[in-house]
Amino acid sequence: MTRRLVLAGAAASAASLASVALVATAVWLVVTAGGRPGIAALSGAIVAVRALAVSAGLLRYVERLAGHDAVLAGLADRRARVVADLVPRSTTIARGRWVHRLVSDVDAVGDLVVRGVLPAVAVGLTGTAAVLLALVAGAPAAAVAITAGVVAVVALVPVAVRRAGARAEGIAVGREELSAAALEITRAGTDLAVFGALDRAERAAGACAARVGAAERTAAREQGVLRGVAGLTVAAALAGSVAGAAHLGPAWAAVVPVVVSAVLAEAFALLVAAPRLAVARAARRRLDSIGTGPVPAHGDGVPGGGTPHLRLRDPALDLDLPPGSRVLLSGPSGSGKSTLLAALWRVREPVGEYTLDGVDVRTLDPGAVRERVGGLWQDAHLPRSTLRDALLIARPGRSDDALRAALAAADLTPDVVDGGLDGALAEGAENLSGGQRRRLLVARTLLADHPVQLFDEPAEGLAPADADRLLHTLFTLRPPGRTVVVVSHHVPADLPAGVRHLTL
C-alpha cells in the first residue's frame with residue numbers, strides 16, 4: 001500500500017508539472033509565433049506541447065489508478081475493522097447509524113489521501129518548480145509573488161478545514177439521525193401507519209432534514225467567504241507576478257504569469273476540498289471512537305473439536321453447559337435472556353467470565369467461536385430469495401432431501417410457498433404468516449447443525465399446542481452430545497427428560 005501511495009504522489013506531482021509546462025509552452029508558442037522563431041525552436045515547442053499533453057493525461061491516470069487502488073485497499077481493511085468493532089455493540093447502536101458509519105464514514109476517510117495528501121504534495125512540487133523558473137528567468141519579484149500567493153492560499157486551508165469541521169460534526173450527526181429515521185420509516189412504516197404515528201415520524205424526519213440543510217447552508221457561506229479571500233490573494237499574487245516579469249520581454253512576461261496562475265489554481269483546489277477533508281477527519285474520529293474496549297477481531301482459533309464445554313458466570317447466573325446439555329431459559333421481559341444468548345454467540349461482550357473448553361473466549365476469534373456456537377436470534381432475517389436459497393444460507397451445498405428434512409422438523413413442507421423449494425420469498429418473508437416465518441427460521445438453524453445451538457424465542461407467534469410440539473422437537477431431534485439452549489416465554493407443561501429449566 002505504501003509503494004502505491006508513493007507512486008500516486010509521484011504521478012500526481014509529475015502530472016501537475018506536465019500541465020503547468022504544457023500551458024507555459026503553449027503560451028510561448030502563441031506569443032513568439034509572430035516573431036517567426038527558428039524552425040528548430042518551433043518544432044521543439046510543438047513536439048513538447050504534444051508530449052506534455054499526452055504525458056499529463058497518462059500521469060493523471062496513473063495517479064488515479066495507484067492512489068485509488070491504495071485507498072480502496074485501505075478502506076476494505078478499515079471496513080473489516082469497523083465491522084469487528086460494531087458487531088459486539090450492535091444492540092446499542094441504531095441501525096441507521098450502523099449503516100452510516102459502515103458506509104459513509106468509511107468512504108469519507110479515503111478523501112484524506114485522495115483530496116488532501118496527494119494534491120498537497122503536487123502543490124508543493126509545482127510551486128517550487130514555478131519559483132525556480134521565475135528565478136532562472138530573472139524575475140525575483142515574480143518568485144516572491146508566487147511564494148506569497150501559494151503560502152497565503154495554503155495557509156487558508158487549515159482555517160477552512162477547522163471551520164468546516166466545526167459544522168461537519170453536527171452535519172454528520174444529523175445525517176446519522178436522518179438515516180436512522182428513514183430506515184425506521186422504511187422498515188416499520190406499516191406499524192406506524194396502523195397506530196397513526198406515520199405522519200409524526202415523517203415530520204420528525206423532515207425536521208431533521210431541515211436542520212441538516214440549514215447547517216450545510218451555513219457551512220457553504222463560511223467556505224464562500226474564505227474562497228473569496230483566497231481569490232483576492234490569488235489576484236494580488238498574479239498582479240505581482242505580472243509586474244515582476246514585465247521587464248523580461250514579451251515571451252517571459254506572458255509565460256511567468258500564466259505559470260503562476262496554473263500553480264495558484266492547484267493551491268486553490270486544496271481550499272475547495274477543505275469541506276470534504278473536514279468531513280473525512282470527523283469520520284475518522286467517529287470510527288476511531290467506536291471501540292471502547294478490546295474486541296478480538298483476530299484472536300486464536302477455537303481449541304479441540306466436537307461439542308465444546310461452555311461456562312458463563314456473571315453476578316446473576318452461573319450457567320454450566322457440558323456437551324449434550326439441554327436447557328430451557330425463561331423469565332420476564334428484560335430479565336437478560338437475549339443478552340445472555342448474545343454473549344454466548346460472541347456478538348456481545350460477556351459481563352462476567354465466559355470460557356469455552358476452559359479457555360477465556362476473549363482470547364479466541366469470535367468468528368471461530370460462532371462456527372461452533374450458532375442458532376436463531378429473535379430478530380433473524382429472511383432475504384428476498386427462493387425458499388431453497390433462504391435455507392442454503394445456513395449450509396451451502398446441502399441436498400434437497402436435507403432441506404425437506406429440516407423443514408419437516410420445523411413442521412413445514414416446501415409447499416409453504418408456491419413453487420416449493422424454487423418458490424419465491426418476499427423480503428423478510430412477508431408472504432408467510434408470522435408462525436410460518438418462525439418455523440422457516442428454525443428449519444434454517446437446524447440445517448446449520450452447529451455443535452451448540454441457541455434458540456431465542458423459536459416458538460414466537462405459534463399456538464400453544466404448536467409451540468409445545470416445536471420445543472419438544474428442538475430438545476429431542478439433535479443427536480446425543482450436541483448442546484441445545486432455548487429461550488422462551490412459553491414453557492411446555494411436559495418437558496422432555498433431561499431438559500433443565502432455568503428461570504431468570
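The values are calculated or read from the model by the stated rules, or taken from the named source; none is laboratory data. Fair warning: this is a prediction, and the values are worked out from it, not measured in the lab. Positions of Cβ are backbone-derived with ideal geometry, glycine not excepted, and every protein chain shown enters the neighbour counts.
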Just to be sure, is D360 without any contact (Cβ under 8 Å) to a residue 12 or more places away in the chain and under 30 Å from G324 (Cβ atoms)? yes
Selection from segment 475-497 of residues within 20 Å of D449 (Cα to Cα), of a type in the set (A, V, I, L, M) and either modelled with pLDDT of 85 or more or in contact with a Lys or Arg (Cβ under 9 Å, 6 or more places away or on another chain) (or both) yields V484, V485, V486, V487
Report yes if A402 is in the same structural domain as A343 (by TED's automatic domain parsing), small (G, A, S), within 21 Å of K337 (Cβ to Cβ) and out of contact with any Ser or Thr (no Cβ under 7 Å at 6 or more places or on another chain), otherwise no. no
Within segment 457-504, the residues that are without any contact (Cβ under 8 Å) to a residue 24 or more places away in the chain and part of a helix (DSSP H, G or I) are A465, T476
Just checking, which of V260, V229 is of a type in the set (V, I, T), at pLDDT below 80, farther than 18 Å from S179 by Cβ and assigned by TED's automatic domain parsing to the domain that holds V121? V260
For segment 459-504, name all the residues that are under 41 Å from the mean Cα position of the chain (by Cα) and among the charged types (D, E, K, R). E460, R478, R482
Which members of segment 307-324 meet the condition of being of a type in the set (A, V, I, L, M, F, W, C) and not in a loop (DSSP other than H, G, I, E, B)? L310, L312, L317, L319, L321
V442 meets each of (1) touching a helix residue (DSSP H, G or I) at 6+ places or on another chain (Cβ under 6 Å); (2) among the β-branched types (V, I, T); (3) touching a residue at least 60 places away in the same chain (Cβ under 8 Å) with one exception, condition (1)
Regarding A265, is this residue more than 35 Å from the chain's Cα centre (by Cα) and not aromatic (F, W, Y)? no
Spans of helices (runs of 4 or more DSSP H) in segment 59-165 with at least 2 residues outside the structural domain of S241 (by TED's automatic domain parsing) and modelled with pLDDT under 75: none
Would you confirm whether or not segment 133-155 contains a residue that is at positive phi and of a type outside the set (S, T, Y)? yes
Mind listing just one residue for me: the one in segment 35-52 that is surrounded by 14 or more Cβ atoms within 10 Å (Cβ to Cβ) and either among the charged types (D, E, K, R) or touching a helix residue (DSSP H, G or I) at 6+ places or on another chain (Cβ under 6 Å) (or both) and, of those, farthest from A18 (Cα to Cα)? A45
Test G57 against the criterion of being within 24 Å of V260 (Cβ to Cβ), surrounded by fewer than 17 Cβ atoms within 10 Å (Cβ to Cβ) and not polar (S, T, N, Q), and give yes or no. yes
Of everything in segment 305-324 that's closer than 13 Å to R372 by Cα and surrounded by fewer than 13 Cβ atoms within 10 Å (Cβ to Cβ), which residue is modelled with the highest pLDDT? G306
Among A467, A429, A459, which is closer than 17 Å to Q378 by Cβ, modelled with pLDDT of 85 or more and among the aliphatic types (A, V, I, L, M)? A467
Any residue at all in segment 483-504 that's in contact with a Phe, Trp or Tyr (Cβ under 9 Å, 6 or more places away or on another chain), farther than 23 Å from V347 by Cα and crowded, with 17+ Cβ neighbours inside 10 Å? yes
Based on what the data block shows, is G244 assigned to a helix (DSSP H, G or I), surrounded by fewer than 21 Cβ atoms within 10 Å (Cβ to Cβ) and in contact with a helix residue (DSSP H, G or I) (Cβ under 8 Å, 6 or more places away or on another chain)? no
Do any helices (runs of 4 or more DSSP H) entirely within segment 325-420 hold 1 or more residues that are in contact with a Phe, Trp or Tyr (Cβ under 7 Å, 6 or more places away or on another chain) and either surrounded by fewer than 16 Cβ atoms within 10 Å (Cβ to Cβ) or of a type outside the set (F, W, Y) (or both), and if so, which? 337-345, 366-372
Quickly run through segment 361-383 and pick out the residues that are over 16 Å from L340 (Cα atoms) and of a type outside the set (S, T, N, Q). L364, D365, G367, A368, E371, R372, A380, H381, L382, P383
For segment 334-345, what are the residues that are of a type outside the set (A, V, I, L, M, F, W, C), farther than 13 Å from L502 by Cβ and at pLDDT 80 or above? S338, T339
